[in-house]
Each structure stands twice: as structure tokens, then as C-alpha cells.
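Inspection log for the structure reproduced underneath, given as C-alpha cells.
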Amino acid sequence: MTADADRTGSPPGPIRGPQSLVSGLILVALAAFAIWLTRDLPQGTLRSMGPAMLPRWLAIAVGLCGIALVLAGLLRHGSRLEPYSLRGPGVVVLAITAFGIAIRGYDLGFVNIPTLGLLIAGPLAIFVSGFATPEVRPRELLILALALTGSCMMLFGDALNLPIPMYPQRFADLYPSGWSSDDRLRATSAALFAAAILVWLVGHRRHPAREPVDVVAHEHSGQV
């Protein structure tokens, strides 16, 4: 066993990086599953994107990253597999489920969830998924949720013009009747960015950055 293997704790044998290998196989499996799910959807072209283009090419990119990790696990010494908690995967699955239900609505039989659009589904999914780690910081997570949702609305709704529900119809009715759908979308995105900046400013004023303490000077300040 080499010095690198001793430092990382990788076992002897053909699999030098078990953690990288398993991670890569999981990414390849997820990519293959996503490609299979979008097999019947039209891809379209760059000028007229179909519903399968973005998820399919994202799946391909994820699959390539997975292959790279598999090769790294076979060729380079890496870390052993460590015990893991189900909190992370469970919370992420919950966030994805909440996003799918909220963005287009869902009829559960005993309760009917209306179409809430990306305006509600985006921050909901981002905020919930942030609790996958015990080191979650709600204020920073809220800023990320607002800013990232505003960016996604501008990208998918304004730039790419994808048929994704952006907000509930009742929310759209709050804008002046003379405004176009693009005007409403841009105003909503701007409001999300403004809210993110406001949350950051409020938190920054409440918790100002502390000046670093000169430990050496503090220790010697009492000496004669």
C-alpha cells in the first residue's frame, strides 16, 4: 500500500477509491433513469426548445460526471465508505416532491392543491432541501431561495420562454391589466431580488462582522 493509500485509508485491490466509485455509480444510475423518463418527450432545437432538452442534457452531464468519478475510484486512491445518515436523502426527496406538487398543483382526493407556480414551489423546495444538513442557516437559506427563484424565473420564463407555471393566477391578477406577461414576470423577479437584498441587509445590521482579536497582543498586554 502506498503513502497515499495510508493517508486516505483506501483498501488494497482494484477499487482504490470506494467513495468515489459508489458516488459515480449512483450518478450514472440517476442519469440513466432521467434519460429513460424523458424518452418519449420531444427535444426540439436551440431556437425552439422542447420539454426534454434541458432535463436530458442535464442528465447527460450528470452521467459524464459519474463516469469520471467511477474512473477516479478505480485509478486514484481515495477515501473509504463512511457511515451515512438518511436525513440528507430523505429531506431532498421531500423537497423534490413538494416542488412537483406545488408547481402545477395536485388533486389528492381529500385535498386539492392549486397551481402555485415557480414563485412558491422554488423557494419551498430550496428552503426544505437546506435542512438536509444539521448546519442549516435559515437566513442564508432564505436569501438563496429568493435570489435563485428570481434567477430561474428570468432564465426559464423570460429568456427561454418555457411553458412553466410561474405564479398563481390570483397573484397575476394583482398586476395592472395593461401589463403583459413578460412585464409581470420581470416585476416578480425584481421583487424577489429586492426581498433577498432586504433580508441580507437586515441580517447584516443585526450581526455586524466582528473585528479579529490579536491574540498575541492580548496575551502580552499584562506583562511588565
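Numbers for the structure displayed
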quantity: Filter result for residue 194 (farther than 23 Å from residue 116 by Cα and either part of a helix (DSSP H, G or I) or at pLDDT below 60 (or both)); calculated: no
quantity: Near pairs, Cβ below 9 angstrom, 6+ apart or cross-chain, from segment 91-107 (outside any helix (DSSP H, G or I)) to any residue that is surrounded by fewer than 17 Cβ atoms within 10 Å (Cβ to Cβ); calculated: 105/112; 105/113; 105/114; 105/115; 106/100; 106/112; 106/113; 107/113
quantity: Tabulated pairs, segment 155-174, first assigned by TED's automatic domain parsing to the domain that holds residue 105 and more than 26 Å from residue 48 (Cα to Cα), second exposed (fewer than 10 other Cβ atoms within 10 Å of the Cβ) and among the β-branched types (Val, Ile, Thr), C-beta under 8 angstrom, 6+ apart or interchain; calculated: none
quantity: Considering residues of segment 10-23 that are hydroxyl-bearing (Ser, Thr, Tyr) and either at pLDDT 85 or above or assigned to a helix (DSSP H, G or I) (or both) only, the residue farthest from residue 75 (Cα to Cα); calculated: 23
quantity: In segment 140-189, the residues that are more than 23 Å from residue 201 (Cβ to Cβ), of a type in the set (Gly, Ala, Ser) and in a helix (DSSP H, G or I); calculated: 157, 159, 172, 181
quantity: Checklist (1) more than 30 Å from residue 204 (Cβ to Cβ); (2) free of Cβ contacts under 8 Å to residues at least 24 places away in the same chain applied to residue 121, failing item; calculated: (1)
quantity: Condition check for residue 56: surrounded by fewer than 16 Cβ atoms within 10 Å (Cβ to Cβ), among the charged types (D, E, K, R) and on the phi < 0 side of the Ramachandran plot; calculated: no
quantity: Residues satisfying the stated conditions in segment 50-60, i.e. farther than 14 Å from residue 156 by Cα and free of Cβ contacts under 8 Å to residues at least 24 places away in the same chain; calculated: 56, 57
quantity: Leading residue by the ranking (farthest from residue 158 (Cα to Cα)) among those in segment 61-87 that are basic (Lys, Arg) and surrounded by 12 or more Cβ atoms within 10 Å (Cβ to Cβ); calculated: 76
quantity: Test result for residue 128, of a type outside the set (Gly, Ala, Ser) and outside any helix (DSSP H, G or I); calculated: no
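Here is a yes/no grid of residues against (1) farther than 19 Å from residue 164 by Cα; (2) part of a helix (DSSP H, G or I):
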position: 25; (1), (2): yes, yes
position: 29; (1), (2): yes, yes
position: 33; (1), (2): yes, yes
position: 36; (1), (2): yes, yes
position: 47; (1), (2): no, no
position: 51; (1), (2): no, no
position: 54; (1), (2): no, yes
position: 59; (1), (2): yes, yes
position: 62; (1), (2): yes, yes
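The values are calculated or read from the model by the stated rules, or taken from the named source; none is laboratory data. Since we're looking at a predicted model, the values are computed, not measured. We place every Cβ from the backbone using ideal geometry, glycine too, and count neighbours over all the protein chains shown.
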